[in-house]
Amino acid sequence: MRVLSGIQPTGNLHLGNYLGAIRNWVRMQDEVGAQGGDCLYFLADLHAISMPHVPAELTANTRAMAAAVVACGIDTDRSILFNQARVPAHAELQWLLNGTARIGWLNRMTQFKDKSGKNREGASAALYTYPVLQAADVLIYQTTHVPVGEDQKQHLELARDIAQKFNNDFASEDAPVFTLPEPIIPPGAARIMSLRDGSAKMSKSDPSDMSRINLTDDADTMMQKVKKARTDPEALPSEPAGLEGRAEARNLVGIYATLADMTVADVLRDFGGQGFGSFKPALGELLVDRLAPINARYVALKDDAAALDAILEKGAQKARTLAKPTLDATYDALGLCR
Ligand code: ADP
Ligand code: TRP
């Protein structure tokens with residue numbers, strides 16, 4: 001079993017990123033490690049240049065994200081953590097796969113449509129071929145499993161299509177060049193909503209900082225944000241069905257359940273009939289309890305650029321070694337002399 005996942009290094013991590021993605025990385029590190037498999041996790045800095053960006057900020061964000069991922073529990077002795085730019089094989093394989101990816105396939109990608117919006121002609125070519133780089137990220141390591149959010153499923157299917165077509169066109173049946181990866185969409189993967197609007201997802205791009213819990217928030221700030229979170233005047237129901245039509249209440253109960261590793265039904269068994277006046281402080285305390293240690297590790301590491309670069313370089317060395325055989329096999333299969 002070989003697990004790989006990536007995240008774009010865009011500013012600080014928030015509770016949605018942690019509960020929706022990184023916490024799952026940490027769990028896979030433990031489970032897959034116990035079975036003798038490998039976990040590779042990377043910061044998708046090459047993907048980040050598909051949108052307008054400020055170079056110095058990209059450098060800072062890449063280091064900040066590395067610090068955050070380590071603070072959340074990724075152990076760089078057990079997992080391979082690196083940034084894409086340190087492993088040129090990703091960009092090289094992307095070019096080689098551009099010969100196999102079809103324009104018609106890329107035209108169907110909903111993320112490109114969303115991100116390019118009304119200005120499709122002005123979008124970068126990198127935004128358009130973004131999914132081919134993502135396929136290269138996965139295929140270069142013979143990855144078997146890719147934990148991702150629901151929104152990335154289409155990109156994973158494209159990676160499978162590219163692998164399949166390449167194997168068909170350029171490899172013999174008994175010696176395929178690429179492994180077909182399986183997406184893992186964690187069943188319990190929480191979709192965390194904004195604290196200000198239960199119908200919008202918690203996001204770094206929300207202009208209101210009160211809408212999200214950042215991993216950099218101190219205990220007082222987290223408590224304040226929970227207390228000011230939008231709710232309705234009703235008490236909590238004692239069963240999940242009673243959360244129907246109450247998006248804000250459902251979100252707060254969902255956050256509690258996810259953090260405490262309980263079901264929503266269990267949380268409501270404990271808190272049903274109580275108002276937010278008592279539920280919010282309990283949620284705030286739980287958040288502080290779970291996030292304060294992460295925050296402390298993050299603060300200790302975030303400004304140590306040399307240590308962070310050393311961590312990323314150590315991971316990149318291992319990644320480059322793992323990537324080489326597949327890259328060589330791809331050049332060979334295509335008849336490229338080197
Ligand atoms: P943002 O919406 O803040 O820009 P990204 O799109 O960069 O976040 O997402 C990075 C990772 O975090 C992805 O794996 C995504 O699925 C996960 N993620 C982001 N926001 C949430 C959320 N509100 N709930 C659950 N997972 C989330
Ligand atoms: N596109 C992914 C996202 O926005 C990040 C990513 C890049 C990724 N390459 C990947 C995820 C390879 C999994 C595997 O969340």
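The values are calculated or read from the model by the stated rules, or taken from the named source; none is laboratory data. All values reported here derive from a predicted model rather than from experimental measurement. Backbone-built Cβ (ideal geometry, glycine too); neighbour counts: all protein chains shown. Calculation scope for accessible area: heavy atoms of the full protein, side chains included, ligands and nucleic acids excluded. Shrake-Rupley method; radii C 1.70, N 1.55, O 1.52, S 1.80 Å.
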Test result for residue 330, in the same structural domain as residue 167 (by TED's automatic domain parsing), among the hydroxyl-bearing types (Ser, Thr, Tyr) and surrounded by 18 or more Cβ atoms within 10 Å (Cβ to Cβ): yes
Residue 155 vs. criteria open to solvent by less than 30 Å² (accessible area, probe 1.4 Å) and either within 16 Å of ligand 1 (Cβ to nearest atom) or touching a residue at least 60 places away in the same chain (Cβ under 8 Å) (or both): yes
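Report whether or not residue 145 is open to solvent by 20 Å² or more (accessible area, probe 1.4 Å), within 11 Å of ligand 2 (Cβ to nearest atom) and not aromatic (Phe, Trp, Tyr).
On the way: open to solvent by 20 Å² or more (accessible area, probe 1.4 Å): yes; within 11 Å of ligand 2 (Cβ to nearest atom): yes; not aromatic (Phe, Trp, Tyr): yes.
When the stated conditions are applied, residue 145 passes them.
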Residue list for the range 88-105, restricted to those being open to solvent by less than 10 Å² (accessible area, probe 1.4 Å) and touching a Leu at 6+ places or on another chain (Cβ under 9 Å): 90, 93, 97
Filter result (away from ligand 1 (no atom under 16 Å from the Cβ) and not aromatic (Phe, Trp, Tyr)) within the range 117-132: 118, 119, 120, 121, 122, 123, 124, 125, 126, 129, 132
Residue identified as within 16 Å of ligand 1 (Cβ to nearest atom), farther than 21 Å from residue 334 by Cα, open to solvent by 50 Å² or more (accessible area, probe 1.4 Å) and free of Cβ contacts under 8 Å to residues at least 24 places away in the same chain among 205, 199, 211: 205
Those residues of the range 8-36 which are closer than 30 Å to residue 52 by Cα and among the polar types (S, T, N, Q), in sequence order: 8, 10, 12, 17, 24
One residue from 160, 108 being within 13 Å of ligand 2 (Cβ to nearest atom), open to solvent by 40 Å² or more (accessible area, probe 1.4 Å) and modelled with pLDDT of 95 or more: 160
Residue among 244, 285 that is farther than 22 Å from residue 214 by Cα and open to solvent by 60 Å² or more (accessible area, probe 1.4 Å): 244
Matching residues, the range 84-105, being farther than 30 Å from residue 216 by Cα, touching a residue at least 40 places away in the same chain (Cβ under 8 Å) and part of a helix (DSSP H, G or I): 89, 90, 91, 92, 93, 94, 96, 97, 105
Contacts under 7 angstrom Cβ, first residue in the range 265-281 being assigned by TED's automatic domain parsing to the domain that holds residue 243 and surrounded by fewer than 17 Cβ atoms within 10 Å (Cβ to Cβ), partner of a type in the set (Asp, Glu) and outside any helix (DSSP H, G or I), 6 or more apart: 265/239
Answer residue from the range 214-232, given it is among the polar types (S, T, N, Q) and within 24 Å of the chain's Cα centre (by Cα) and is surrounded by the most Cβ atoms within 10 Å (Cβ to Cβ) among those: 214
Residue check, residue 176 assigned by TED's automatic domain parsing to the domain that holds residue 111 and within 16 Å of ligand 1 (Cβ to nearest atom): no
Hits in the range 48-71 (condition: more than 13 Å from the chain's Cα centre (by Cα) and either touching a residue at least 12 places away in the same chain (Cβ under 8 Å) or not assigned by TED's automatic domain parsing to the domain that holds residue 21 (or both)): 48, 49, 50, 51, 58, 61, 62, 63, 64, 67, 70, 71
